[in-house]
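So the structure is just underneath, and the comments pick up after that.
The values are calculated or read from the model by the stated rules, or taken from the named source; none is laboratory data. Remember, predicted model here, so these are calculated numbers, not experimental data. Neighbour counts are summed over all protein chains in view; Cβ atoms, including those assigned to glycine, are modelled from backbone coordinates with ideal geometry.
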Amino acid sequence: MPQVSSSSLKVTAMQAGCHALFRRGGSLMRHSAKLMLPSARAGTTSLSARQRAPSATPTLCDQYFKRDVSTSVTSDLHRPQPGLVSASQGHNTLKVWWREEESDEYPYVWLRDNCQCPDCFLRSASSRLFRVSGLSLDVRPKDVQVSDDGSFLHVVWEDGHRSAYEAKWLNARAFNPRKQSVYNSMYRLPQELWDSDMSQRIPRASFDELMEDDAALLKMLECMEVLGFTVVSGARLQEGELHRLSERVSHLVPSNYGTTFIVRDKRDASNVAYTGQGLDLHHDLVCLHYKPCVQLFHCISQFPGKGGDSVLADSFRIANQMRELYPHKYRVLTEVDVNFRDVAVDGGLQFDIIAKRPMISLRPNGEIKTVNMTTFGRDSYFGVSPEEAVSWYDAYLTYCDLLYRPENHFAFKMEVGEILIVDNLRILHGRTSYQEAYEGERLLEGGFWDWDMMRSRRRLLQRKLQRSS
Ligand code: OGA
Ligand code: ZN
Ligand code: ZN
C-alpha cells in the first residue's frame, strides 16, 4: 500500500536546487483535538512579553482599493431609472427601445422562462417556479404593451398567460456585453498577480475592526479576491479565534483533519507540518476533490529563534510565466493527471483519499482555475508512460525553477496574534524550518473557509454599504 508519509518524502534539496530554506516536506496530518497553550497547561494564564499580541495595526487593505473594484449591480442604485419607450416583435426575440435611445433584444423563450408572476416565480426564494414542461422554443407573444410611464413591459402569451417585467429588471438583464460585465464584476473581482515586491506591501487588517466594522471587512474580502492573501493582527492568543472571525465571514469548512487543527512540532509526527521541518511551497489538501478554498493560520505562539517563517508565492503568476516562456511544458502541466493522495490516521479517523487532477487546472476559456501543488501529498503512483513521466518532471521542475527565483516568492515571520489567510486555490504557502523541543512553543490553529460564502459576504456587504452611503 503506498504511503504518503513523511519518511518517504524527503525532498532532494528542492529538486530545482535553488532553495536552501526548504529542507524536506511531508504529508499534512492534522487532528482537531484542542491543545492547551503552554501557559495554560502550566496553570497560569499570564503571557510572556513576547507572547502578548501586538496591538492591532490599522487596516492597510485600503491601499489596494483606490480604484473602485466594487462595480457591483448595486452601482445602478445611483443611475437614473431606465424607462421603456416601445417594443417590437421579431422572429425569435422582442426588441425594446429605452429612453436613452438604446435598444436591446430579449429571446421569447428567455422572457417566458423568466416570467416574474407569482405562479412562475417564488419571490421569497428568488427562484423560478415555472417548470421546464411548460417551456417551448416556439413560445410567442400574442400581445406586447409598454406601460404609459415606461416602467413595465406587459406580455400576453399565445396560451393566455400574462407576464409583466419591470423596466429596471429587464434593463439590468440585457443581452449585451456592457451590461453583462456589470454582473460579471459582481460575480468575481479581477485578480492582481504579484511578485516578491509584495513583501513591501503586505495587506493587513485588524481583528477587532473586522469584527466590528463592515467597511473593514469588505476591504479584507476584496483583498482576498484580488491579491489572494491578508494578514490579520490583534487576535487573542488562544484557540477559538478562527471560529469568532468565521462568524463574520464564512462557516469553517471541515476536512479529514477536523473543523480546525493544530500545527505544532510533535514526537512521532504523522505529518511533516507537525515537525520543525521546512515545508515546500504548497497548496493544502490537494487530495480532496473539494480542495479547501481558503486557508487560515492563527499564530498563537511563535518559535522565538531563527526559522518558522511563512513563505508565500502567487502560483498563477508563475503559471503565466510558464505559458509565455515554455508553452509546451505549460501544456503538459495542464493536461497530465497527477495522483494526489493522503493516507493516514488523524484524530482517530483513518483515511485513504485520492484525487486525480492536473497540476494546472484550466477553465474552458483557458483561464487558470487553480494550481495543485504539493510535494508531500503527491502520490508515487503515476498513471503515465515512463517517457510521459520524464516530460512531466521536466515541466514540473521548470515551474519550480521559476517559483524559487527570489523575485517570485517572499518570506515573513508571523507575529503572535496574527492570522494569515491565503487563497488555497491560488497562493502557495510554505514554512522555513525551525528547531525546538517537541511540544515546543510554536503553535498555530488552522482552518478553512469557502470561496462561495466569502464572495456571498462580499456581495452583501457591497450592497449594504452602497445603500447606506
Ligand atoms: C500546514 C502549513 C505552515 C506553518 O500546516 O499546512 O503549511 O507555518 N503550515 O506551519
Ligand atoms: Zn408567469
Ligand atoms: Zn500547508
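Things to note:
- No other residue among S233, S246, S250 is at pLDDT 95 or above, of a type in the set (S, T, Y) and under 22 Å from R426 (Cα atoms) apart from S246.
- Only residues that are more than 24 Å from R442 (Cβ to Cβ) and buried (at least 24 other Cβ atoms within 10 Å of the Cβ) were counted across the range 287-300, and they come to 1.
- Qualifying residue in the range 188-197 (condition: aliphatic (A, V, I, L, M), out of contact with any His (no Cβ under 7 Å at 6 or more places or on another chain) and either within 16 Å of ligand 3 (Cβ to nearest atom) or outside any loop (DSSP other than H, G, I, E, B) (or both)): no
- Hits in the range 218-247 - residues which are more than 17 Å from the chain's Cα centre (by Cα) and either outside any helix (DSSP H, G or I) or at positive phi (or both): S233, G234, A235, R236, L237, Q238, E239, G240, E247
- Tally of residues being within 15 Å of the chain's Cα centre (by Cα) and charged (D, E, K, R) across the range 279-316: 3
- Scanning the range 182-201 for residues that are over 18 Å from the mean Cα position of the chain (by Cα) and farther than 25 Å from Y108 by Cβ yields D195, S196, D197, M198, S199, Q200, R201.
- Within the range 262-284, if we keep just the residues that are touching a Lys or Arg at 6+ places or on another chain (Cβ under 6 Å) and modelled with pLDDT under 95, the residue that is farthest from D309 (Cα to Cα) turns out to be Y274.
- Conditions (1) within 12 Å of ligand 2 (Cβ to nearest atom); (2) within 37 Å of the chain's Cα centre (by Cα): number failed by P107: (1)
- Take the conditions (1) of a type outside the set (V, I, T); (2) farther than 16 Å from A273 by Cα; (3) surrounded by fewer than 22 Cβ atoms within 10 Å (Cβ to Cβ); E436 misses just one of them, which is (2).
- Pick from the range 355-377, criterion small (G, A, S) and either touching a Ser or Thr at 6+ places or on another chain (Cβ under 8 Å) or assigned to a loop (DSSP other than H, G, I, E, B) (or both), ranking: farthest from H282 (Cα to Cα): G366
- Any chance S136 is of a type in the set (S, T, N, Q), within 16 Å of ligand 2 (Cβ to nearest atom) and either more than 24 Å from R463 (Cβ to Cβ) or loosely packed, with under 15 Cβ neighbours inside 10 Å (or both): yes
- Breaking point among (1) surrounded by fewer than 22 Cβ atoms within 10 Å (Cβ to Cβ); (2) hydroxyl-bearing (S, T, Y); (3) more than 13 Å from ligand 1 (Cβ to nearest atom), for T230: (1)
- When the test is whether a residue is part of a helix (DSSP H, G or I) and within 20 Å of D314 (Cβ to Cβ), L425 does not pass it.
- Residue in the range 162-170 that is away from ligand 2 (no atom under 16 Å from the Cβ), among the aromatic types (F, W, Y) and either modelled with pLDDT of 95 or more or assigned to a helix (DSSP H, G or I) (or both) present: no
- Close pairs from the range 148-163: first assigned by TED's automatic domain parsing to the domain that holds A87 and closer than 17 Å to F130 by Cβ, partner away from ligand 3 (no atom under 16 Å from the Cβ) and basic (K, R), Cβ under 6 Å, at least 6 apart: V156/K142; V156/R162; E158/R140; E158/K142
- Exactly one residue out of R363, R405 is over 22 Å from the mean Cα position of the chain (by Cα) and at pLDDT 95 or above: that is R405.
- One residue from D423, D452, D394, D352 being acidic (D, E), more than 16 Å from ligand 1 (Cβ to nearest atom), closer than 24 Å to M224 by Cα and assigned by TED's automatic domain parsing to the domain that holds N271: D452
- Some residue of the range 143-161 being under 21 Å from V85 (Cβ atoms), of a type in the set (A, V, I, L, M, F, W, C) and part of a loop (DSSP other than H, G, I, E, B): no
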